[in-house]
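Please read the structure below before turning to the comments.
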Amino acid sequence: MKIIASNFKTNHTRKSTKKFIEDINKLLTNENIKNDVFIFPTSTSLDNFNTPNNLTVGVQNAYYVQNGSFTGEIGTEQLDEFGIKTILIGHSERRHILGESQKEITLKYNYYKALGYKIIYCVGEPLEIKEKGISDTLGYIQKQFDGIDLNYENVTVAYEPVWAIGTGLVPSVEDIATIHKKLKKKFTQPLLYGGSVKTTNIEEILSIPNVDGTLIGSGSWNVEDFKKMIEITSKAGEK
Ligand code: PGA
């Protein structure tokens, strides 16, 4: 069954997040949808949500500590309060805008792996690398696996080309197929595609071999759109 995940980034309030999650709960229950659905709200919107087993609320980021003096960060003490056991690591905005290095990402990965967290681990190349061709692209992505244990049973990888995130640009079906095929040779865990996924292209993207699901930002923030995409995903899972 295909997986679908929504990354809120810096969007939605505590109030609108609660309503969003309630709406998704209703859809999953009423339509008896069994696909794994993930929602990553802002840290300020975390709560003890009552969700069906297949709907998981995760965190977009946390530091690799239980608690301490790390201004602006949260640790597992704060996550435990809400039973959060799922984290996004290596997202391109954290790598390229917030300046997280591969070394820090590895420390974070190992910390959360040791605690058994579900990790959605993101990789992807910037435009100047894509333009150099497939072997440079694969070489770049390979470096993003430095220090990362891909045999960890609770990791899901997301391939998200940086130039496709939030831009409306999507790689060709052939490009996604090629990269996913190559990446899937490295591990058996699920591999998601992310980058400008929307209601209008999700069906085609899910039909590409080795695409086990999608990680969606901007296209998922409207709950009606996300509901539509969950329904399309549940049908894709039947095939
Ligand atoms: P986008 O973001 O869907 O807005 O392109 C995807 C992501 O960053 O996960």
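The values are calculated or read from the model by the stated rules, or taken from the named source; none is laboratory data. For clarity, every value in this text was computed on a predicted model and none was experimentally measured. Because the Cβ atoms are built from the backbone with ideal geometry, glycine has one as well, and the counts that use them run over all protein chains shown. We work out accessible area using only protein heavy atoms, side chains counted, and drop any ligands, DNA or RNA first. Shrake-Rupley method; radii C 1.70, N 1.55, O 1.52, S 1.80 Å.
List of remarks:
- Near pairs, Cβ below 6 angstrom, 6+ apart or cross-chain, from segment 141-170 (within 19 Å of GLY58 (Cβ to Cβ)) to any residue that is within 16 Å of the ligand (Cβ to nearest atom) and among the aromatic types (Phe, Trp, Tyr): VAL155/TYR121; VAL157/TYR121; TYR159/TYR193
- Once segment 22-43 is narrowed to residues that are within 19 Å of the chain's Cα centre (by Cα) and hydroxyl-bearing (Ser, Thr, Tyr), the residue that is most open to solvent (accessible area, probe 1.4 Å) is SER43.
- Residue count for segment 207-233, restricted to those that are open to solvent by less than 20 Å² (accessible area, probe 1.4 Å) and away from the ligand (no atom under 16 Å from the Cβ): 1
- Of all residues in segment 185-200 being open to solvent by less than 50 Å² (accessible area, probe 1.4 Å) and not in a strand (DSSP E or B), the one that is farthest from the ligand (Cβ to nearest atom): PHE187
- Unique residue being out of contact with any helix residue (DSSP H, G or I) (no Cβ under 6 Å at 6 or more places or on another chain), modelled with pLDDT under 95 and surrounded by fewer than 17 Cβ atoms within 10 Å (Cβ to Cβ) when the list is GLY139, GLY168: GLY168
- Matching entry among ILE33, ILE39 (being assigned to a loop (DSSP other than H, G, I, E, B) and either in contact (Cβ under 8 Å) with a residue 12 or more places away in the chain or in contact with a strand residue (DSSP E or B) (Cβ under 7 Å, 6 or more places away or on another chain) (or both)): ILE33
- Failed item, numbered, when GLU203 is tested on (1) touching a residue at least 60 places away in the same chain (Cβ under 8 Å); (2) away from the ligand (no atom under 15 Å from the Cβ); (3) of a type outside the set (Gly, Ala, Ser): (1)
- Which numbered condition ILE105 misses (of (1) aliphatic (A, V, I, L, M); (2) within 16 Å of the chain's Cα centre (by Cα); (3) exposed (fewer than 14 other Cβ atoms within 10 Å of the Cβ)): (3)
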